[in-house]
Structure formats: structure tokens, C-alpha cells
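Since every read-out is calculated from the coordinates, none of them should be taken as a lab result. Source: prediction; values computed, not measured. Here Cβ is always computed from backbone atoms with ideal geometry, including for glycine, and neighbour counts include all displayed protein chains.
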Amino acid sequence: MATTDLIPADDFCVYHQLEQTFIQSLQEEGLLHISIINKKTFIPVGELPMLEKMVHLHRDLDINVSGLASVRHLLEQLDELQTELWRLKNRLRLYE
């Protein structure tokens, strides 16, 4: 993976005023995939939208890492249901 597709975790933490331990906790819980290159921690660009949601939920609603795991699971289920609803609506249009 090219480093152009990665964001240094230090930069993300500075920008969002986070401790590096928050990123490590998310990674340990399986909520975030990180890459370590030359002893530096990087976050894949594709992880940023969900990571930023988790940061806001953690800050604004004071949800801990375990709670974030539950919220992420629910958000993924919601996304799957919305996709299925969209697919079913498209099939229904065929019969109209």
C-alpha cells in the first residue's frame, strides 16, 4: 500500500486533539485498521469517514470504545438495510 493512501496517526490526533491511545484502543477493539511503517502508525484513507464518526460520538455523547463497537455494528446493519430497501424498490419499479 502506498503511503499516499495513508494518513499519519500523529497528524490525525493533533488535528482532532486526541490522545494516541484512543487510536490504539480502536485498533485493539477491531474498529480501526492501522498500518505500521518504519515504526510510525498510519491510518488508511478509507477508514477516515468512520473514524471521524467515532471521534464525534466519543466526544459529543461520551461513548466509550465498547459502546462505539455497538454503534458501528448498528450503523453497518442500517446501511445493509438501506441497500436492500433500495434494491427492492428498484425491483418493484419493474412491475409498475
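Things to note:
- Structure-derived semi-axes √(5λ) of the Cα gyration tensor in Å - corresponding label in (1) 32, 18, 11; (2) 35, 13, 9; (3) 45, 13, 6: (1)
- Charge dipole of region 3-95 about the Cα centre (unit charges at C-beta), most positive-ward option of Phe42, Leu74, Ile23: Leu74
- Theoretical ellipticity at 222 nm over the chain - DSSP helices of four or more residues, -39500 (n - 2.57) apiece, nearest 500: -21500 deg cm²/dmol
- Among Leu32, Asn90, Cys13 - extreme Cα towards positive end, dipole of the chain, charges at beta-carbon: Asn90
- Lys, Arg +1 and Asp, Glu -1 on Cβ, resulting dipole of region 3-95 about Cα centre, debye, nearest 20: 480 debye
- By the rule of a C-alpha distance below 12 Å, with chain neighbours fewer than 8 residues away ignored, the aspartates and glutamates paired with Lys40 are Asp10, Asp11.
- nm² value of the averaged projected area, convex hull over the Cα atoms of region 38-85: 4.6 nm²
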